[in-house]
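All remarks here apply to the structure that follows.
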Amino acid sequence: MVTNVTESPILIALVNDYDVVTTGLATMLDRYRERVLIAEIDLNLGVADQVDIVLYDTFAQPESDVDELSTLVANPRARRVVVYTWNFHPDLIERARGQGTDGYLSKTLPAKDLVAALEQVHSGETVISPQAPHARTAPGLDWPGRGEGLTDREAEVLALITQGMSNAQVAELTFLSPNTIKSYIRNVYRKIGVGSRTQAVLWGVDHGFTPDHHRIEHWRGGP
């Protein structure tokens with residue numbers, strides 16, 4: 001992947017409703033702050049700073065086929081919008097492009113490759129990561145329940161259940177099959193030591209699986 005060197009860091013806004021998710025991503029990118037600089041971490045979709053790129057993390061969020069993404073694309077403070085995701089269903093990529101996004105990047109990308117892809121987007125290219133269905137999530141990313149042994153996708157399913165979604169709704173949102181969702185739920189129950197959906201939701205509420213509702217401005221000395 002070709003790296004486009006810029007004279008000043010690219011200003012990035014991170015968008016997701018989970019503090020631990022965006023903070024993990026910001027920490028991962030912080031090693032490259034001479035090239036990309038976090039302007040804000042936004043947990044409410046309303047980007048306030050003028051930024052070069054909004055990086056929309058899809059963890060437990062609506063995917064590219066709903067209004068949240070078009071709202072970001074329409075924001076005059078965001079020059080470009082990039083989806084950051086595990087889900088590479090062709091329909092989602094097509095819809096994201098149809099809504100005017102400038103990139104569709106995989107959470108399996110190592111930090112150096114993610115930064116290089118963001119630089120390509122900043123230079124005017126449209127970047128879509130190659131699909132890597134069996135690759136692991138990039139080192140440095142975080143999610144609720146990681147310390148309790150939940151995988152990234154198990155944590156996302158639990159977060160959506162904690163938000164009150166049914167299995168069918170979770171399957172629709174994540175583009176996973178109902179049987180796959182059931183398998184994830186069984187694994188979650190076993191790992192957190194519960195025997196019912198109600199117990200799982202209560203555990204989720206107590207362990208950071210409900211969305212956060214605040215903004216982290218000027219992260220670590222950002223602009």
Quiz item: Using alpha carbons only, what's the Rg to Rh ratio of segment 57-109 with Rh from Kirkwood?
Solution: 0.93
Quiz item: When we measure straight from the Cα of residue 191, which lysines land under 19 angstrom away, once same-chain ones fewer than 8 places off are left out?
Solution: 182
Quiz item: For segment 79-182, which trypsin sites (Lys or Arg not before Pro) are in a loop by DSSP, counting at most 11 other Cβ atoms within 10 Å?
Solution: 136
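For the chain, would you read off the P(r) tail past 31 Å as a percentage of all alpha carbon pairs?
Beyond 31 Å sits 18 percent of the P(r) for the chain.
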Exercise. Compare 192, 53, 38 in a GNM of the chain, Cα atoms joined below 10 Å, and give the one with the largest fluctuation.
Key: 192
Quiz item: Solvent-accessible area per residue for the chain at a 1.4 Å probe radius, Å²?
Solution: 44 Å²
Quiz prompt | the chain - mean residue ellipticity at 222 nm from DSSP helices (-39,500 (n - 2.57) per run, n ≥ 4, rounded to 500) | solution = -11000 deg cm²/dmol
Self-check item: Dimensionless Rg ratio for segment 63-145, taking C-alpha atoms and the 2.2 N^0.38 Å reference
Solution: 1.09
Exercise. Could you look at the chain and say what percent of its accessible area is carbon and sulfur, using a 1.4 Å probe and all protein chains?
Key: 50 percent
Practice problem: Ignoring everything but the protein chains, give the 1.4 Å probe accessible area of residue 160 in square angstrom, nearest 10. | Solution: 0 Å²
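The values are calculated or read from the model by the stated rules, or taken from the named source; none is laboratory data. Keep in mind that this is a model prediction, so the values were computed, not measured. Because the Cβ atoms are built from the backbone with ideal geometry, glycine has one as well, and the counts that use them run over all protein chains shown. SASA here: full protein model, heavy atoms, side chains in, ligands and nucleic acids out. Shrake-Rupley method; radii C 1.70, N 1.55, O 1.52, S 1.80 Å.
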